Amino acid sequence: MEIITAKTAGFCFGVKRAVDAVYKALGEGRRIATLGDIIHNRQVTEDLESRGVRSYDRVSDIPCGCCVVIRAHGVGKDIYEELSGREYIDLTCPFVAKIHKIVEKYYNEGYKIVIVGDAEHPEVIGINGWCGYEAEIVDSETGRINSDPAEKPLCVVAQTTINKKNFVQIVQNIKNTCKSTLEFDTICSATKDRQEEAAKLAEASDCMIVIGGKKSSNTRKLFEISKKLCPNTYHVETAADIPAERYNKIGITAGASTPARIIQEVVKAMSENLKNEESFAELLETYDQKTLNNGDIVDGQVVEVRKNEVIVDLGGFKYNGQLAVDQITDDPSLEPSDVVKEGDTIRVYVVGVNDAEGKVVLSRKKLVAMESWNKIKAAYESGEILEGKIVKAVKGGVIAMADGSQVFIPARQASERYVSDLQSLVGTTVNFKLIELDERRKRVVGSVRVILEAERKAKEDAFWADAEIGKHYTGTVKSLTSFGAFVDIGGVDGLVHISELSWNKIKHPSEVCAVGDTMDVYIKDINPETKKISLGFKKMEDNPWVIAQGKIHVGDVIKVKIVRMLPFGAFAEIMPTVDGLIHISQIADRRIGKPDDVLSIGQEVDVKVTDADWEAKKISLSIRALIEPDKEEAPAAEPEEEEDDEPQAESTLVYSTDPEVEVDAAPSDEE
């Protein structure tokens, strides 16, 4: 079996230029949308779609923020007007753009435009757009023209991919009826060469294989030409479509939109029956197409590590590959030498091949992104919890890196509580779960909050399972209010009321604690239905009354400070928060009208402790008890009887300032 591959098979200049430009734009991180499929090849369009490129029929359908690509087929003049103000890349084939200029010029000069080609083909539609969509479209097969050719002079152009022989015949027919005819042979030279070579190859072959997309106009033309000359002609898209029959001599050609790798796959598949492997090697050598294409994934050996790039030997390809530092890793702090060494074998993605410059642009990041996307999809489907580092804050959220893929985490999902400064999260490592995945846009959304809420729910369940009054916990202060502090005691928050924070009277909880402080607390009260928890914090050993009980005894003489006076006596501070009462009858050794006749606020006096009820928190003090013993040393005088005088009552009244203790009523002077 002999296999002959056409030298002209595969990408033409315009198609290769367009495809390379799209892959390059993707390599620059741009969001791409095309007006129609970039080429009529299903494998290429599917690959581009997997990388996020979307095809639209109308400009109005393309989302804002996308860079619009005008494919090699070109578009009408009105489309450029519609694109005004938007970013776009014009990849119209230069041969097609030349037709646009011809049509616009002669249409403006009053000529009727005639386009020979397929009326439904995007190239023909685009050409028609340069003459107000008023052109007469003549089918390249039938050659019939509907309007009266004599009504005005004609300008005839051709779709670049039609059959040359048919075009010549149609033009001759038109000229027979309309002498004022300008003819422009705008069939692409590559199309002519490809068709002529296919015809010669078909005549000399037992079987003809035409490779290309089913929608490709030039591929269909090659098939039609070959079929007329070789009945055993097959139109295939991939190696999977090749016929099982064996032939002695097989010719292979391909349309202008067929990637070289698909041609190679077909050649290789058909050559598997060749016993002579050397013949097969020669066959591949005679096929002088590029062995590397945009989108290929290959293994290469690092031959040189430079400051800003790595040079990679691609295993026999005529050019070495260039791997820029920003295509090796996302970490800007790393040098190329930190990632790879000379002699290392690495797998890379081919971003672009430029024969004119002898340059092959590679990317490691793209390959990692493809592999990581598959991992991301698997994690989303399984509900796996991922770990990632937040690398930057953006509008509305943050970006985290996980397995080489960027995951957007909205602000409301970045934490369990509101975070006002998202920049503060940058550099932190977080656990998150994927909650949304857009396969078409290659966009994934994660949530830290769902993880934290799940953890908190588990802690809450564990807490309520064994919570009981009196149980002690070590908690963390989460927030402060005017009425107390909320403390996290293991997944749930409890309130320490301000009255529980200190034995001393305080105005605000911040006088005792701050957010983030650790506190030893215990449950005073719980309500499982409302999930409210009241916590205690004050320790009994810190109770000033307990301290006072250990220091002060009945009969002790102590120094106190007068802090408050009422009609029935004066209150004196023994120690902070512990006050005693000096009854009006115990202030002096004589009868007085009111306490401030003798005492003043802030005055320090010596008193004797005459009584102490520690349970009721009441202490009785007396100044008089310290005066009367001195009197006993003086000579006793006979008391004069005074019938009208009444002796002052000895009072045993005690009083406490503790709000929980009931106060005894003070006796009046009449009692």
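Bear in mind that the values in this text are calculations on the coordinates, not laboratory data. A quick note: this is a predicted structure, and the numbers were derived from the prediction, not measured. Backbone-built Cβ (ideal geometry, glycine too); neighbour counts: all protein chains shown.
So what are segment 368-452's ellipsoid semi-axes, whole angstrom, largest first, if each one is the square root of 5 times an eigenvalue of the alpha-carbon gyration tensor?
20, 13, 11
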Ranking of S499, S600 by count of other Cβ atoms within 10 Å, fewest first
S600, S499
To one decimal place, what Kirkwood hydrodynamic radius in Å is obtained for the chain from all pairs of distinct Cα atoms?
34.5
Tabulate in residue order the Karplus-calculated ³J(HN,Hα) for segment 228-245, using 6.51 cos²θ - 1.76 cosθ + 1.60 with θ = phi - 60°, rounded to whole Hz; enter x for Gly and Pro.
5, 9, 9, x, 8, 10, 10, 9, 10, 9, 9, 4, 5, 9, 5, x, 7, 5
Assuming R0 = 22 Å, what is the FRET efficiency of D326 and V426, from their Cβ-Cβ distance, to the nearest 0.05?
0.65
Segment 55-80 scanned against label point 7 Å out from E28 along Cα→C-beta; backbone N under 15 Å for 66-70
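Taking 0.36 nm per residue of separation and subtracting the Cα-Cα distance, what length does fully extending N308 through A462 add?
Value of the extension gain: 50.0 nm.
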In degrees, nearest 10, the alpha-carbon axis of helix 449-466 is tilted away from the dominant principal axis of the alpha carbons of the chain by 40
How far apart, in nm, are the 7 Å Cα→Cβ label points at E109 and R54?
4.4
Once R0 is set to 25 Å, what does the formula 1/(1 + (r/R0)^6) return for the Cβ-Cβ distance between H553 and L626, expressed as a FRET efficiency to the nearest 0.05?
0.95
Output for segment 393-437: trypsin sites (Lys or Arg not before Pro) sitting in coil per DSSP, at most 13 other Cβ within 10 Å, listed by number, reads K395, R417
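Using just the helices of the chain, give the 222 nm mean residue ellipticity in deg cm²/dmol: DSSP H runs with n ≥ 4 each add -39,500 (n - 2.57), and the total is spread over all residues, rounded to 500.
It comes out at -8000 deg cm²/dmol, rounded to the nearest 500.
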First obtain the Kirkwood hydrodynamic radius of segment 551-633 from its Cα pairs, then insert it into the Stokes-Einstein equation at 20 °C and 1.002 mPa s, and state the resulting D in µm² per second as a whole number.
168
Among the listed pairs K214/K249; K192/K221; K538/K618, those beyond 18 Å (Cα-Cα)
K214/K249; K538/K618
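Suppose R0 equals 51 Å; then what is the FRET efficiency for A514 and I435 from their Cβ-Cβ distance, rounded to the nearest 0.05?
Given R0 = 51 Å and the Cβ-Cβ separation, E is 0.90.
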For segment 19-70 and segment 383-428, distance of Cα centres in Å:
29
Set K7/K375; K478/K505; K77/K442; K215/K365; K16/K366; K442/K478, cut-off 30 Å on Cα-Cα distance; pairs above it are K7/K375; K77/K442; K215/K365; K442/K478
Ordered by fewest other Cβ atoms within 10 Å, a rough proxy for footprinting exposure, T345, T34 read T345, T34
Which trypsin sites (Lys or Arg not before Pro) in segment 576-630 sit in a loop by DSSP (not H, G, I, E or B) and have at most 16 other Cβ atoms within 10 Å of their own Cβ?
R590, R591
What percent antiparallel are the DSSP beta bridges of the chain, to the nearest 5?
65
Please identify every one of the GluC sites (Glu not before Pro) in segment 568-625 that sits in a loop by DSSP and has no more than 11 other beta carbons within 10 Å of its own beta carbon.
E615
